[in-house]
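Participant: Below you will find the structure I want to go over with you.
The values are calculated or read from the model by the stated rules, or taken from the named source; none is laboratory data. Being a predicted model, the structure only gives us computed values, none of them experimental. Every residue, glycine among them, receives a Cβ derived from its backbone with ideal geometry; neighbour counts consider all protein chains shown. Note: areas computed on protein heavy atoms with side chains; ligands, DNA, RNA excluded. Shrake-Rupley method; radii C 1.70, N 1.55, O 1.52, S 1.80 Å.
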Amino acid sequence: MASPAPSQPEIIAAIATAPGRGGIGVVRVSGPTLAPFARALTGRDPEPRKAGFVRFRDAAGTVLDEGILLYFPAPASFTGEDVLELQGHGGPVVMQLLLSRCVELGARLAEPGEFSRRAFLNGKMDLAQAEAVADLIDAATVAAARSAVRSLSGAFSGEVLRLRDALIDLRMLVEATLDFPDEDVEFLESAHARERLAAIRAQLEAVIDRARQGALLRNGMNVVLVGQPNVGKSSLLNCLAGDERAIVTDIAGTTRDALRETIQIEGIPVHVIDTAGLRETADPVEKLGVARTWREIERADVILRLVDAREGAGAEDEAIDAALPAGIERITVRNKIDLAGLAPERVETDRGVSVSLSARSGEGVELLQGELLRVAGWHAHGEDVVLARERHLVALRTALAHVEAAAARYSALELCAEELRGAQESLGEITGEFTSDDLLGVIFSRFCIGK
């Protein structure tokens, strides 16, 4: 009995531009053989890869909008299928009319990330490149955007593939040696297998380091300002932000709720949260603010504990310090050195690092910025930082663990070969060579609808 013919992929359509009003809006369509689809929509045959002025019409021939039609025949398109881009006026109603007309003509509404998923499944990009599309859209800093572009162009994937190929070559060598048990050690030594394994390990460690830096570029770090009322938390927020974002007065308890501001330090997004002063209070509104302060503290990557440089850390400050959760990096900030007649300085003690500065004048703030970079583990990499996701880091670390285990079991060739196989498969998860359908669903569901 003959097997049934594979079903044709469905035609999908979505609004590819952001919600709201704009000069131009785009509806994207992808699927097999879209020339008849375009003819039914516009009354004319589309010319491949050539922008043409058209009128988009409904079933009765009434003009819905006029604009530009772009047609990219398969396989030379983003998804590897026929792709249409309908560029009309960017009003929400007009876009919905165009999208509804596409559905009438047989398309269905695309799921989040479905265009990029089809591009991956059709071999137009690997999984790391597909994720770079979303990372480029979501980039919060110039450095993050540049790193995403490099990943999209295949720089990260290229490194992973080179490591994978090196592992495959070494696997072939080790597994071939298993067929000649009398000559295994000599054969491997003459092929410099141990040195090649060490080189792979060193390359993996270098990629992990740059990927960890890239994860910092992508996600940033949460910095929470805590301390008693009136120690200058809001002034420090304003100083770091370079603008008057928080109200500053001499009245204790002015800040009642958490204020957030994202700044950049060497391209890293730093999310600074100014909080209500920590103290006992009968004011019900201020109590709510203090409760929210503690919730922000639990989510912090770094805590800046502010004290007044004129008075030093008193009993109340010591009580705050004792109540802060263990395991979260903290930096003591001695503020108001301009009023205390002190100089900016960074001091290391057995209780951690202390930075003396003036949030009002800006003196010493560069010391604090440097300390935040140190805590984050940032060091300059130039243009080769990898904008990694958590799953990339997990896969890279797993691969490194397998390589280290292979080195430890070097004399037991069967075990060594198995560890090399595990390392290769871990790297394959990054580019999508070994990826379950469930993982693909999670990854692409986080994309924009029109991507």
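Participant: Using a 7 Å offset from the Cα along the Cα-to-Cβ direction at both Ala76 and Gln96, what is the distance between the two label points in nm, to one decimal?
Facilitator: That separation, rounded to one decimal, is 3.8 nm.
Participant: Which value in nm describes the separation of the simple spin-label points at Glu111 and Ala206, placed 7 Å from the Cα toward the beta carbon?
Facilitator: So the label points at Glu111 and Ala206 sit 4.0 nm apart.
Participant: Shape verdict for segment 313-384, please, from the Cα gyration tensor: rounded (a/c under 1.5), prolate (a/b greater than b/c) or oblate.
Facilitator: oblate
Participant: May I pose another question? How high is the FRET efficiency between Ala326 and Arg346 when r is their beta carbon distance and R₀ equals 22 Å, given to the nearest 0.05? Intermediate results must be reported in sequence, preceding the final value.
Facilitator: Numbers: r = 23 Å, r/R0 = 1.05.
Once rounded, the FRET efficiency stands at 0.45.
Participant: Report the full-extension gain for the segment Ala60 to Arg310: residue separation times 0.36 nm, less the Cα-Cα distance, to one decimal in nm. Please report the intermediate quantities before stating the final value.
Facilitator: Numbers: separation 250, 0.36 × 250 = 90.00 nm, distance 7.95 nm.
Stretched fully, the Ala60-Arg310 segment lengthens by 82.1 nm.
Participant: Multiply the residue separation of His192 and Ala176 by 0.36 nm, subtract the distance between their alpha-carbon atoms, and state the gained length in nm to one decimal.
Facilitator: 4.3 nm
Participant: Could you give the length gained by full extension between Trp294 and Asp169, i.e. 0.36 nm per residue of separation minus their alpha carbon distance, to one decimal place? Write out the running numbers ahead of the final one.
Facilitator: Working: separation 125, 0.36 × 125 = 45.00 nm, distance 5.34 nm.
Here the segment from Trp294 to Asp169 would lengthen by 39.7 nm.
Participant: Okay, moving on. Tell me, what ³J(HN,Hα) does each residue in segment 417-431 have, in order and in whole Hz, if you take phi through Karplus 6.51 cos²θ - 1.76 cosθ + 1.60 with θ = phi - 60° and put x for Gly and Pro?
Facilitator: Once rounded to whole Hz, the list reads 4, 5, 5, 5, 5, x, 5, 4, 5, 4, 5, x, 5, 5, 8.
Participant: Using modelled amide H (1.01 Å from N, peptide plane; none on Pro or chain starts), what sits under 5 Å from the amide H of His89, excluding residues fewer than 5 places away?
Facilitator: Correct list: Gly25, Glu66.
Participant: Arrange the peptides 229-235, 30-36 so that the one whose residues have, on average, the most other Cβ atoms within 10 Å appears first.
Facilitator: Packing proxy ranking, top to bottom: 229-235, 30-36.
Participant: Another one. Using a ≥ b ≥ c from the Cα gyration tensor of segment 1-156 (square roots of the eigenvalues), is it rounded, prolate or oblate, where a/c under 1.5 gives rounded and otherwise the larger of a/b and b/c decides, a/b for prolate? Present the calculation step by step, with values, prior to reporting the outcome.
Facilitator: On the way: a/c = 2.05, a/b = 1.22, b/c = 1.68.
Oblate shape, in that a/c is at least 1.5 and b/c is the bigger or equal ratio.
Participant: Karplus couplings for segment 100-113 from phi (6.51 cos²θ - 1.76 cosθ + 1.60, θ = phi - 60°), rounded to Hz, Gly and Pro as x?
Facilitator: So the Karplus estimates, Gly and Pro as x, are 4, 5, 5, 5, 4, 7, x, 7, 10, 5, 6, 7, x, x Hz.
Participant: What ranking, highest mean first, results for peptides 388-396, 362-370, 80-88 when packing means the other Cβ atoms within 10 Å averaged over each residue?
Facilitator: Per-residue mean Cβ counts within 10 Å order the peptides as 80-88, 388-396, 362-370.
Participant: Now, a different point. Once you place label points 7 Å from the Cα toward the Cβ at Ala407 and Val394, how far apart are they in nm?
Facilitator: So the two model labels end up 2.5 nm from each other.
Participant: How many Å² of accessible area per residue for segment 89-212, probe 1.4 Å?
Facilitator: On a per-residue basis, 49 Å².
Participant: Using R₀ = 22 Å, calculate the FRET efficiency as 1/(1 + (r/R₀)^6) where r is the Cβ-Cβ separation of Asp45 and His89; round to 0.05. Show your work: numbers first, answer last.
Facilitator: Values: r = 24 Å, r/R0 = 1.07.
With R0 = 22 Å, the Cβ-Cβ based efficiency is 0.40.
Participant: Let me ask something else. Quick one: Karplus J couplings for segment 391-406, per residue in order, coefficients 6.51, -1.76, 1.60, θ = phi - 60°, nearest Hz, x for Gly and Pro?
Facilitator: 5, 5, 4, 4, 5, 5, 5, 5, 4, 5, 4, 5, 5, 5, 5, 5
Participant: Between segment 309-369 and segment 42-116, how many Å separate their Cα centres?
Facilitator: 59
Participant: Please state, as a whole number in µm²/s, the translational diffusion coefficient that the Stokes-Einstein equation yields for segment 100-238 at 4 °C and 1.567 mPa s, with Rh defined as the Kirkwood radius across alpha carbon pairs. Spell out each step's value before the answer.
Facilitator: Details: Rh = 19.9 Å.
Result for D is 65 µm²/s.
Participant: For Ala18, project a label point 7 Å along Cα to C-beta. Then give me every residue of segment 109-151 with its amide nitrogen under 13 Å of that point.
Facilitator: 137-140
Participant: Can I get the semi-axes of segment 107-176's equivalent ellipsoid? Compute them from the C-alpha gyration tensor as square roots of 5 times the eigenvalues, in angstrom, largest first.
Facilitator: 30, 19, 7
Participant: May I pose another question? Starting from the amide H of Arg360, placed 1.01 Å from N in the peptide plane, find each other amide H under 5 Å away whose residue is 5 or more places distant or on another chain.
Facilitator: Here Lys336 satisfy the definition.
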